[in-house]
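Undergrad: Have a look at this one before I ask anything.
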Amino acid sequence: MTLRFEHETYGQRVRFASGAAAEATAEEIARLGAGRVMVIAAGAAAELAARVTADVPLVYVHDEVVMHVPVEVAERARAAATAHKVDAIVSIGGGSTTGLAKAVALTSGLPVVAVPTTYAGSEATNVWGLTDGAQKITGVDPRVLPTAIVYDASLTLSLPLEMSVASGLNAMAHCVDSMWAPRTDPIDAALAEEGIRALATGLPLVAEHPQGLVGREQTLYGAYLAAVAFTSAGSGLHHKICHVLGGRYGLPHAPTHAVVLPHVLALNGPAAPDAWGRIARAFGSTDALDGLQALRDRLDAPRALRDYGFEESKIPDAVQAILPVVPQTNPVAVTADNLSSLLHDAWSGAEPR
Ligand code: NAD
């Protein structure tokens, strides 16, 4: 078969610097020539943020961080950036914090140095998201891609095990969905395969030794690869489902991804033999789904959407909301019947079929 595809690689500096976030962040800010830096970090991360930015020319610390970035929260951060005449942003936190920095970058064009403390991967994508009332709006814009990322695994040691597992499986979902997302190509598939391998290596180590750095580093590395594959490949069926579940019913981001993933893999996998083979290989298994389920068992992963507030009676509404956004390129035809079965299984925590 001939190789014919188009792939865009986005420019971004990426540093892995366990235990050295402060030095690396100061160097990245110096490279930008910035002299008036705004830090975005939730109040709970204030002490951490002060340590990481000890050598950065700070003019303002913004600590109003809210999940899914409400528009009015973004507006206040944008106004603060203007009022303080900042010339660069350092964001320190999970996807919600990075998301707020992206919202400011979207309208101001300010460069962002992202210092992630979860495995969400937002720092490596050009996707932004805001919520306006109950509506989640997302978009793609080169201005929101952080200029540099500083990964310091020691900053994730404080992430509780349950959140580490859910966040790591959110990254796993970026990898798996990248295998059949609308713009996927062989480069995305290769990155996603290595991402799965790194996550499948790192997450069990995190579960066994939550205070060990090796597992946390591998998991961050996998989360980065996952996000790079995802930003290039786009949203596949899995992300379309989770986007509706999160936006429409307020389900928590990472656990929703963790629950839904095996069901989408079970539906799509048999019709996507190349992806199935890659995923199996990355897990060191002969069967992709067995590989994922064995990992989920070791991690005691989130299992049922009903544990996160999703009501069974909402399934028909969810099916109607998801069907129109299913990518045309999905390897399996998605119907009201198979989608309804998938959501029922994910709701109850049944084995994927
Ligand atoms: P989050 O940022 O909301 O963090 C979850 C919780 O963990 C918060 O209470 C936070 O304070 C806490 N926390 C974060 N790091 C910690 C640490 N090291 N120690 C202790 N506590 C810590 O959640 P998330 O899962 O990282 O991100 C979810 C958000 O990111 C969603 O809004 C999602 O839509 C967005 N997201 C966007 C992209 C993108 O490409 N734009 C990709 C992934 C996720």
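The values are calculated or read from the model by the stated rules, or taken from the named source; none is laboratory data. Everything quoted here is computed from the prediction, not taken from an experiment. No Cβ is skipped: glycine too gets one built from the backbone with ideal geometry, and neighbour counts run over all protein chains shown. What goes into the accessible areas is simple: the full protein's heavy atoms, side chains included, and nothing from ligands, DNA or RNA. Shrake-Rupley method; radii C 1.70, N 1.55, O 1.52, S 1.80 Å.
Undergrad: For Thr117, enumerate residues with amide H under 5 Å from its amide H, sequence gap 5+ or separate chain, H modeled in the peptide plane.
TA: Here Gly93, Gly94 satisfy the definition.
Undergrad: Now for a different question. Through the Karplus equation 6.51 cos²θ - 1.76 cosθ + 1.60, θ set to phi - 60°, convert the phi angles of the range 117-131 into ³J(HN,Hα) values in whole Hz; use x for Gly and Pro.
TA: Result, rounded to whole Hz: 10, 9, 10, 5, x, 4, 4, 10, 10, 9, 9, 10, x, 9, 10.
Undergrad: Using r as the Cβ-Cβ distance of Asp300 and Val140, and R0 as 30 Å, what FRET efficiency do you calculate, to the nearest 0.05?
TA: Working: r = 35 Å, r/R0 = 1.17.
The value I calculate is 0.30.
Undergrad: Name the lysines eligible as straight-distance cross-link partners of Lys102: C-alpha to C-alpha under 20 Å, and not fewer than 8 places from it in the same chain.
TA: Cross-link targets: Lys85, Lys136.
Undergrad: Looking only at Cα atoms, what is the convex hull volume of the range 161-348 per residue, in Å³?
TA: Working: hull volume 18.1 nm³, N = 188.
Given the Cα convex hull of the range 161-348, per-residue volume reads 96 Å³.
Undergrad: Oh, and also: Tell me, rounded to the nearest percent, the portion of alpha carbon pairs in the range 216-310 spaced more than 22 Å apart.
TA: Working: 1419 of 4465 pairs.
The answer is 32 percent, as a whole percent.
Undergrad: Additional query: For the range 25-100 and the range 248-301, what is the separation of their C-alpha centers, rounded to whole Å?
TA: Using only Cα atoms to place each centre, the spacing works out to 35 Å.
Undergrad: Taking 0.36 nm per residue of sequence separation and subtracting the Cα-Cα distance, how much length would be gained by fully extending the chain between Arg248 and Ala333, in nm to one decimal?
TA: Working: separation 85, 0.36 × 85 = 30.60 nm, distance 2.35 nm.
Full extension from Arg248 to Ala333 adds 28.3 nm.
Undergrad: Taking all protein chains in place and a 1.4 Å probe, what share, in percent, of the accessible surface of the range 13-156 do carbon and sulfur account for? Write down the numbers at each step before the final one.
TA: Values: 2990 of 5540 Å².
Of all accessible area on the range 13-156, carbon and sulfur atoms account for 54 percent.
Undergrad: Still on this structure, please answer the following. For the range 230-269, list residues with backbone N below 18 Å from a point placed 7 Å from the Cα of Ala350 toward its Cβ?
TA: In the range 230-269, the label zone of Ala350 (backbone N under 18 Å from the point 7 Å along Cα→Cβ) covers 259-269.
Undergrad: Turning to a different aspect of this structure: Return the sequence-ordered ³J(HN,Hα) values of the range 149-165 in whole Hz as given by the Karplus equation 6.51 cos²θ - 1.76 cosθ + 1.60 applied to θ = phi - 60°, using x for Gly and Pro.
TA: Running phi through 6.51 cos²θ - 1.76 cosθ + 1.60 with θ = phi - 60° gives 10, 10, 9, 10, 4, 5, 6, 9, 4, 7, 6, x, 4, 4, 6, 4, 5 Hz.
Undergrad: Taking just the C-alpha trace of the range 1-120, give me its Rg and Dmax in Å.
TA: 15.4, 57
Undergrad: What percent antiparallel are the DSSP beta bridges of the chain, to the nearest 5? Mind showing how you got there, number by number?
TA: On the way: 6 of 26 bridges.
Roughly 25 percent of the beta bridges in the chain run antiparallel, per DSSP.
Undergrad: Can you give the convex hull volume of the alpha carbon atoms of the range 312-353 per residue, in Å³?
TA: Values: hull volume 2.7 nm³, N = 42.
Considering the Cα atoms of the range 312-353, their hull volume per residue is 65 Å³.
Undergrad: With bins 5 Å wide starting at 0, give me the P(r) of the range 194-253 over every alpha carbon pair, in whole percents.
TA: Histogramming the range 194-253 at 5 Å steps yields 4, 19, 17, 16, 19, 16, 9, 1 percent.
Undergrad: Write down the accessible area per residue of the chain in Å², having rolled a 1.4 Å probe over the full set of protein chains. Walk me through the intermediate numbers first.
TA: Numbers: 14560 Å² over 353 residues.
Per residue, the chain has an accessible area of 41 Å².
Undergrad: Please list, in order along the range 168-185, the HN-Hα scalar couplings obtained from phi with the Karplus expression 6.51 cos²θ - 1.76 cosθ + 1.60 (θ = phi - 60°), rounded to whole Hz, x for Gly and Pro.
TA: Residue by residue, the range 168-185 yields x, 6, 5, 5, 4, 5, 4, 5, 5, 5, 5, 5, 9, 5, x, 9, 4, 8 Hz.
Undergrad: Next up: Convert 20 °C to kelvin, take the viscosity as 1.002 mPa s, use the Kirkwood radius over C-alpha pairs of the chain as Rh, and evaluate the Stokes-Einstein diffusion coefficient in µm²/s, rounded to a whole number.
TA: Details: Rh = 20.3 Å.
Estimated diffusion coefficient is 105 µm²/s.
Undergrad: At a 1.4 Å probe radius, carbon and sulfur cover how many percent of the accessible area of the range 161-348?
TA: Values: 3730 of 6980 Å².
Carbon and sulfur together cover 53 percent of it.
Undergrad: Would you grab the residues whose amide H sits under 5 Å from the one on Val90? Only those 5+ places off in sequence or on another chain, please, with H modelled 1.01 Å from N.
TA: Met38, Val39, Ile40, Val113
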